[in-house]
Structure formats: structure tokens, C-alpha cells
Amino acid sequence: MAIGLIAGSYSVEVFRGALQAIPEGQIEAAKAIGMSPWQRLRRIILPQMFWYALPGANNVWQTALKDTALISLVGLVEIMRAATLGAANTREPMAMYLIAGVLYFLIGACSQALFLLAERYTGKGMRAQA
């Protein structure tokens, strides 16, 4: 519960910062051409907000993933507990803990790849801003 509250508060800050990163002139331009508030939100604000927020959201996700591993609560199956039981049964603790480490790495690498794909998708039409 504590990790959820912490990750949630960081996520709110990430999205708040992303919203503030949108240039005010773009919103003013959308108002000037007569876009309704819903159109501004859907066409101007949300696409840019997600583009700005994805790197920070990725950091929050990766941190929460690592924090849950530290307190042994990953997904439905707790990996380290399974590794401990496997090590006790096979008497090969190094192999079991190595497998657990590889699983943690794969979870992190797969989620990182998904965030990169999302960043590319939301970044279409956006140029790099210095």
C-alpha cells in the first residue's frame, strides 16, 4: 500500500509537470481558432502531455517495480520465494537465484521496451525540443 501511495504521488507530479510543460501559446492558438475545451483537451493537451510524461512515468514504474521486489511482492507469484523453495529442493541456490535475477531483469527490460514504444508512438509529429 505504501509503494502504491508513493508511486501514485510521484505519478501525479509527473503528469502535473507534463501539463505545465505544454507551451501556453498552443492552447491560446487553439482557443483563437475556435476549438471547444473538449477539442483542445483531445487534440492539443493530452497528446503533448503524454509525450512529456512518458519518460517520468517510466521512471516511476521502474522504481515501483524495484521497490516491490525489495519487499517481495511482485505480481501474482513472488519470485524470490519461489527461488528459495527451489533452492531448498534442488540444493542449487545459485542457479535458482540466478533465474530469479534474470526474471527481474526481463520484467524490467520488457516494461522498458513498452515505454519506448509508447514514447515513439506519442512522439509522432513532435520534434525534439532543446
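Under 8 Å between Cβ atoms, which residue pairs at least 6 apart in sequence (or on different chains) link something in the range 40-65 that is open to solvent by less than 60 Å² (accessible area, probe 1.4 Å) with a partner that is assigned to a helix (DSSP H, G or I) and basic (K, R)?
Note: pairs meeting the criteria are R40/K31.
Modelled with pLDDT under 95, assigned to a helix (DSSP H, G or I) and either open to solvent by 60 Å² or more (accessible area, probe 1.4 Å) or touching an Asp or Glu at 6+ places or on another chain (Cβ under 9 Å) (or both): is that true of A7 in this structure?
Yes, satisfied.
When you look at N89, is it open to solvent by 60 Å² or more (accessible area, probe 1.4 Å), in contact with a Phe, Trp or Tyr (Cβ under 9 Å, 6 or more places away or on another chain) and either farther than 20 Å from A7 by Cβ or in a helix (DSSP H, G or I) (or both), yes or no?
no
Out of all the residues in the range 76-84, is one or more modelled with pLDDT of 80 or more and open to solvent by 50 Å² or more (accessible area, probe 1.4 Å)?
No, the conditions are met nowhere in the range 76-84.
The values are calculated or read from the model by the stated rules, or taken from the named source; none is laboratory data. The structure displayed is predicted, hence computed values, not measured ones. FYI the Cβ positions are ideal-geometry reconstructions off the backbone, even for glycines, and counts take in every protein chain you see. Just the protein is used for accessible areas: all its heavy atoms, side chains included, with ligands, DNA and RNA removed. Shrake-Rupley method; radii C 1.70, N 1.55, O 1.52, S 1.80 Å.
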